[in-house]
1. When N counts the residues of the chain, how does its alpha-carbon radius of gyration compare numerically with 2.2 N^0.38 Å, as a ratio?
2. Modelled label-to-label distance, Arg13 and Glu73, 7 Å Cα→beta-carbon offset: nm?
3. Angle check, please: helix 50-62 long axis (alpha carbons) against the longest principal axis of the chain (alpha carbons), in degrees 0 to 90, nearest 10.
4. So what J values fall out for the range 36-46 if you push phi through Karplus, 6.51 cos²θ - 1.76 cosθ + 1.60 with θ = phi - 60°, rounded to Hz, Gly and Pro as x?
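Derivation of every value follows stated rules applied to the coordinates shown; laboratory data play no part. This is a predicted model, so every value here is computed, not measured. All Cβ positions, glycine included, derive from the backbone under ideal geometry; neighbour counts span all protein chains shown.
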Amino acid sequence: MVTVLREGGLRVRIYTDDHEPAHVHVVGDGIAKVLLIPNVELDSARGMTEATARKALRLVSENRLFLLEKWRELHG
């Protein structure tokens with residue numbers, strides 16, 4: 001697991017042994033899985049308030065290209 005971004009109390013992680021499609025895990029007051037392709041989309045959220053889930057989606061959307069680059073660095 002690699003934390004690739006921290007902002008606003010959220011940590012964005014990519015697991016090195018994870019699977020396609022490209023996605024990240026956002027940890028805050030719970031954990032959300034957010035898909036990066038074909039579009040940024042909330043896949044799941046556990047223990048996370050709706051407000052935090054929206055904040056996580058916004059953070060991932062704003063940093064999508066950076067996060068895709070990091071995904072490709074870790075997964076080839």
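1. Details: Rg = 11.1 Å, N = 76, 2.2 N^0.38 = 11.4 Å.
Normalised Cα radius of gyration, the chain: 0.97.
2. For Arg13 paired with Glu73, the spin-label model returns 1.8 nm.
3. Once rounded, the angle reads 30 degrees.
4. 9, 9, x, 9, 5, 8, 6, 8, 7, 8, 10
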